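Before any comments, here is the structure.
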Amino acid sequence: MSQTHVPGGDQPSELGSRFSNFEQIEHAVMQDVTAVAKERSAGLTPRTAISRAGLDSLERLEIIARVERRFQVQIPEVWIDQIECSQDLAAAVEKLISKQASSANERVPVENYIFEKSPEYCALQREFAKVQAAGEEDPFFAEHDSISNQLTIHQGRQLINFSGNNYLGFSGDPIITEASIQAIRQYGTSVSASRVVSGTRPIHNQLERAICEFLGVPDCVTFTAGHTTNALVLGHLFGPQDLILHDELVHNSILVGCRLAGAQRRSFPHNDWQAAADILRKIRKQHRRAVVIIEGLYSMDGDYPDLPRFVEIKEQHQSWLYVDEAHSIGTLGQTGRGLAEIFGLPRGAVEIWMGTLSKAIGACGGFIAGSRSLVQYLKYTCPGVVFTIGLSPASCGAALAAFEELSRDNQRVRQLQANARYLLQQIKSTGLNTGDSCDSPIIPVILGESLKALRASRRMNELGVSVQPIMYPAVPDESSRLRFFVNALHTHSQLDRTVEALQLTLG
């Protein structure tokens, strides 16, 4: 007679006479594990640790979600970390089913209809309590009372600013501001409809042509936000028969898109093109379409991938390549044209280029660039175009002016890159850990503990520098950090004062 660990229980549950019922639950759970793990489930037994299959945290949660849907139960969050194998998961399901049966005539638990009692909200409050217990304040959603460029005003104090993505200083630039105002005067504050209905204005087409000319692509289409662009385009282009293979450090918007698509999702170690190739070699032919997703510049670490290698493997395995250039347009390459410019590759080597207008471009929105056939299909069918309002005139005007300025003069790009090199060199000279940041305006200072990062951010603020802490769960606790976004408008004096503040804070 075997025994099974029941998450949330005081003792292992005796299967006893219920073994037949439990065996059926266990078999169904193994089916869900196999559906997610695919070929990695070979050799797994109900007692084998699920981690042996090499599943990442999102895939483990996908298994939990499948099991919850199958048995119509909700596994408490506090149980999940205790579940190590399929047998543990089956035991949790058995306990919940038994609880449901015994409480069929009882009232609905208060946590299921009063949000303040819900486990998700309570978990958030526990995180706030940890911060308060450490004597710190919540550093997020802080009000800033000025344009976010090289400086910012917070609580009446002017700080050197490293907390925003206005890399080239276009947001707040008089030329960009005036272009945005003129667009509002001509077209109003809203286009008042989706573009496919009656929301298209000449300025939309002008902006898209400017993006195409700047990047050297046949066509593009704009969206109202960068997050929406990734989530809805991926969810629209791919489905259950497809494979989405992505770098483990891609943005949340890509992960949301994967879930909307319902495709099989696999991640590979950061920037490891060889690992991606190995996965494609093993399972590419099991799927209709396959797409490899990487970023042009990774926002947590300030590094970028070996694009030619990824182009090589996607061609070898008849797959698509999707590159998120949210942080690399305007920042990488001699003229700010991004990852393709760094490696001297034609834009046609990649099927789908994604970018945002809210960072280096200084406006708001996103875009997809690629072939005319791809863009035409998205314009007429993607929910992010067909069923939502067109990009606002203000954003169109600002973005159009920014691309015109970038095309005319790349001095801002050169200054940004010079500032980034200088700050990285100065921080490195102090012996602090800047990870893999290289040739980019994103510089992490890795501290290795969430509370340490929180306190360092507060102390830097006191010393006149605005820099945000990045903590668990955004990164593993041991990788907690301060993250610096460099600006083209920063002066050497401001950068030197920042390094001095770091030494006082962490020395």
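The values are calculated or read from the model by the stated rules, or taken from the named source; none is laboratory data. All of these numbers come straight from a predicted model, not from anything done at the bench. When we count neighbours, we look across all protein chains shown, and the Cβ atoms used for this are built from the backbone with ideal geometry, even at glycine. Protein only, heavy atoms only, side chains kept; ligands, DNA and RNA dropped before computing areas. Shrake-Rupley method; radii C 1.70, N 1.55, O 1.52, S 1.80 Å.
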**region 83-91 - phi-based ³J(HN,Hα) in whole Hz, Karplus 6.51/-1.76/1.60, Gly and Pro as x** = 7, 10, 9, 4, 5, 4, 5, 5, 5
**Prompt:** Which whole-number percentage describes the relative contact order of the chain, with Cα contacts under 8 Å and a sequence gap of 6 or more?
**Reply:** 16 percent
**Item:** Candidate aspartates and glutamates - alpha carbon under 19 Å from Lys452, same-chain residues fewer than 8 apart omitted
**Value:** Glu127, Glu136, Glu137, Asp138, Asp301, Glu462, Asp477, Glu478, Glu500
**Complete:** Taking region 375-507, the equivalent ellipsoid from its C-alpha gyration tensor has semi-axes in Å, biggest first, of 35, 21, 13
**Request:** Taking 7 Å along the Cα-to-C-beta vector as the label spot, tell me the Arg289-Gln24 distance in nanometres, rounded to one decimal.
**Result:** 4.0 nm
**Item:** Size of electric dipole in region 37-78: Cβ of Lys, Arg +1 and of Asp, Glu -1, about Cα centre, debye, nearest 20
**Value:** 200 debye
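Based on the Cβ-Cβ distance of Ile175 and His154, what FRET efficiency does E = 1/(1 + (r/R0)^6) give at R0 = 41 Å, to the nearest 0.05? Before the final figure, lay out the partial values.
On the way: r = 27 Å, r/R0 = 0.65.
Efficiency computed from Cβ-Cβ geometry: 0.95.
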**Item:** For region 84-128, alpha-carbon Rg over 2.2 N^0.38 Å
**Value:** 1.49
**Item:** Average accessible area per residue (Å²) across the chain - probe 1.4 Å, nucleic acids and ligands excluded
**Value:** 47 Å²
**Asked** Relative to the compact globular guide of 2.2 N^0.38 Å, what is the alpha carbon radius of gyration of region 167-219, as a ratio?
**Response** 1.32
**Message:** Please list, ordered by chain and number, the residues whose modelled amide H lies under 5 Å from the amide H of Leu151; skip anything fewer than 5 residues away on the same chain.
**Reply:** Asn161
**Percent carbon-and-sulfur accessible area, the chain, ignoring ligands, DNA and RNA, probe 1.4 Å** = 50 percent
**Fill in**
The local net charge around Leu55, scoring Lys/Arg +1 and Asp/Glu -1 for residues other than Leu55 whose Cβ lies under 14 Å from its Cβ, equals 0
**Prompt:** region 260-332: percent of C-alpha pairs farther apart than 22 Å?
**Reply:** 23 percent
**Request:** For Gln186 and Arg47, calculate 0.36 nm times their separation in residues minus their Cα-Cα distance, and state this gained length in nm to one decimal.
**Result:** 43.3 nm
**Prompt:** Of Lys38/Lys314; Lys130/Lys359; Lys314/Lys379, which ones are farther than 28 Å apart at the Cα?
**Reply:** Lys130/Lys359
**Message:** Quick one: the Cα spread of region 421-481 along its three principal axes, in angstroms, biggest first?
**Reply:** 28, 26, 19
**Message:** How much length would be gained if the chain were fully extended between Gln206 and Gln100, taking 0.36 nm per residue of separation minus their Cα-Cα distance, in nm to one decimal?
**Reply:** 32.2 nm
**Asked** Label-point separation (nm) for Ala142 and Ala35, each offset 7 Å from Cα along Cα-to-Cβ?
**Response** 4.6 nm
**Asked** If you plug each phi of region 428-442 into the Karplus form 6.51 cos²θ - 1.76 cosθ + 1.60 with θ = phi - 60°, what whole-Hz ³J(HN,Hα) values come out, in order, with x for Gly and Pro?
**Response** 4, 5, 7, x, 6, 8, 9, x, 9, 4, 7, 6, 8, x, 10
**Prompt:** For region 289-303 and region 230-281, what is the separation of their C-alpha centers, rounded to whole Å?
**Reply:** 10 Å
**Message:** Let's see if you can work this out: charge +1 on each Lys and Arg Cβ, -1 on each Asp and Glu Cβ, no other charges. What is the dipole magnitude of the chain about its Cα centre, in debye to the nearest 20?
**Reply:** 980 debye
**Request:** Could you list which residues have their amide H under 5 Å from that of Ser267, counting only those 5 or more apart in sequence or on another chain, with H placed in the peptide plane?
**Result:** His246
**Request:** Just the Kirkwood number for region 214-308, please: inverse of mean 1/r across all distinct Cα pairs, in Å, one decimal.
**Result:** 14.2 Å
**Space enclosed by the convex hull of the alpha-carbon atoms of the chain, per residue, Å³** = 179 Å³
**HN-Hα J in Hz across region 362-376 - Karplus 6.51, -1.76, 1.60, θ = phi - 60°, x for Gly and Pro** = x, 10, 8, x, x, 8, 10, 10, x, 6, 5, 5, 4, 5, 4
